[in-house]
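K.L.:
Quick one: structure below, then a few questions.
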Amino acid sequence: MTNTQKPKIGIFSLTGCGGDQLMILNLEPILLDLLSRFEIKDFQEASSYKEEEAELDIALVEGSVSTKTDLEKLKKIRERSKMIIAIGDCAIGGCVQAMRNGQMSMEERMRKVYGVDVDYYDVLEPKGISSYVNVELEIPGCPIEKSQVLHAITSLLHGDMPEEIDYPVCVECKLNGYPCLLVEKGLPCLGPIITAGCDARCPGLGLDCIGCRGPIRDESNVAAELEVLLEKGYDEEYILNRLRFFGGNFEDIQKLTKRISEKSKGRRNSHEEDS
Ligand code: SF4
Ligand code: SF4
């Protein structure tokens, strides 16, 4: 690419609600100026125009890989793109679609919901895109924050790789001087293990964090969060469901799910033997 050429960009959706593309469209006051810095080759939510074979400098991908069709589409995007940015929790870790991963197989789930003809459906266990292809950058959120996507895009335009956030919501909560809802009110706040970047929006409104930006990769102490919430009197299954809502594919949460399900299976077996 010469200095006079504009970077070629594509914005794609896999399985998800389309909310992350919508957040980009919501950059209204600066959207036209921003987009004019790129050659847009695909932007599903903005235009039906697309160049399906064009090579891309940057591909922004939202949504999880939840179908074989998603996977084929993702592989083609990877082949034609120099850089892939996963935008939103679905693309990073599978998000709410992955809530039940690890609890039962996809076949069992399909059978429970749709009956016997499971082969009819084009499904895969929902996963983030880095489970299948290399991803150069992840921008978390459900949906993403407009400011973060803008920061990432403008940094890349200047030739800099944006930094990823590796500290928890609690840091932003403290910087804002908000009272701690976990300590002071005993609310089941997930702030200590969740990726910051929302400026502690919920605690700022007096609401506990439900973890919509996903756990901090390789940094979250899930076991400690569980201990704290158990001490506060919350039930193990309630805590687990809360953790799984946005973190079903997160390794430590899956380990916890396995441990707790084995424990409850053991309890059920001993009840059956007693009766
Ligand atoms: S309210 Fe939640 S996010 Fe804020 S400091 Fe307490 S635990 Fe952390
Ligand atoms: S749920 Fe947590 S991570 Fe999501 S916006 Fe609220 S405070 Fe931020």
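No lab work stands behind these numbers, since they all come straight from the coordinates. If you're wondering where the values come from, they're calculated on a predicted model, not measured in any experiment. When we count neighbours, we look across all protein chains shown, and the Cβ atoms used for this are built from the backbone with ideal geometry, even at glycine.
K.L.:
Does the chain come out rounded, prolate or oblate, given a ≥ b ≥ c as the square roots of the eigenvalues of its C-alpha gyration tensor, rounded meaning a/c under 1.5 and, failing that, prolate meaning a/b above b/c?
P.N.:
Working: a/c = 2.67, a/b = 1.40, b/c = 1.91.
Taking the square roots of the gyration eigenvalues as a ≥ b ≥ c, the chain is oblate.
K.L.:
Students often check this: by mean Cβ neighbours within 10 Å, which of 220-229, 49-58 ranks highest, and how do the rest follow?
P.N.:
Packing order, densest peptide first, comes out as 220-229, 49-58.
K.L.:
Going by average Cβ density within 10 Å per residue, which order do the peptides 206-213, 255-262 take, highest to lowest?
P.N.:
Averaged packing, sorted descending, gives the order 206-213, 255-262.
K.L.:
Then there's this: Which percentage, to the nearest 5, of the DSSP beta bridges contained in segment 8-157 is antiparallel? Don't skip to the answer; put the middle values down first.
P.N.:
Values: 5 of 22 bridges.
Restricted to segment 8-157, the bridges split so that about 25 percent are antiparallel.
K.L.:
Find how much the distance from Ile260 to Glu184 grows on full extension, using 0.36 nm per residue of separation minus their present alpha carbon separation; answer in nm with one decimal.
P.N.:
Roughly 24.5 nm would be gained on extension.
K.L.:
Compute the separation of the alpha-carbon centres of segment 214-275 and segment 162-191 and state it in Å as a whole number.
P.N.:
For segment 214-275 versus segment 162-191, the Cα centre distance is 21 Å.
K.L.:
Tally the DSSP beta bridges in the chain and give the antiparallel ones as a percent, rounded to 5.
P.N.:
Antiparallel bridges: around 30 percent, rounded to the nearest 5.
K.L.:
Helix-derived [θ] at 222 nm for the chain: sum -39500 (n - 2.57) over DSSP H runs of at least 4, divide by residue count, nearest 500? List each step's numbers first, then the result.
P.N.:
Numbers: 12 runs with 116 residues, N = 275.
Theoretical 222 nm ellipticity from helices: -12000 deg cm²/dmol.
K.L.:
Any chance you could check the Cα centroid distance between segment 103-125 and segment 15-66 for me, in angstrom?
P.N.:
31 Å
K.L.:
Of the listed pairs Lys185/Lys263; Lys73/Lys127; Lys50/Lys73; Lys76/Lys255; Lys8/Lys68; Lys76/Lys127, which have alpha-carbon separations greater than 22 Å here?
P.N.:
From the list (Lys185/Lys263; Lys73/Lys127; Lys50/Lys73; Lys76/Lys255; Lys8/Lys68; Lys76/Lys127), the Cα-Cα distance tops 22 Å for Lys185/Lys263; Lys76/Lys255; Lys8/Lys68.
K.L.:
Shifting gears a bit: Taking the Cβ of Leu226 as the center, what net charge do the other residues with Cβ under 15 Å away carry, scoring Lys and Arg +1 and Asp and Glu -1?
P.N.:
Local net charge: -1.
K.L.:
How large is the dipole of segment 82-126 about the Cα centre if only Lys and Arg carry +1 and Asp and Glu carry -1, each at its Cβ, rounded to the nearest 20 debye?
P.N.:
180 debye
K.L.:
Also, I was wondering about something else. Classify segment 8-157: rounded, prolate or oblate, from the alpha-carbon gyration tensor (a ≥ b ≥ c, eigenvalue square roots; a/c under 1.5 rounded; otherwise prolate if a/b is larger than b/c)? Spell out each step's value before the answer.
P.N.:
Working: a/c = 2.23, a/b = 1.86, b/c = 1.20.
Judged from the Cα gyration tensor, segment 8-157 comes out prolate (a/c at least 1.5, a/b above b/c).
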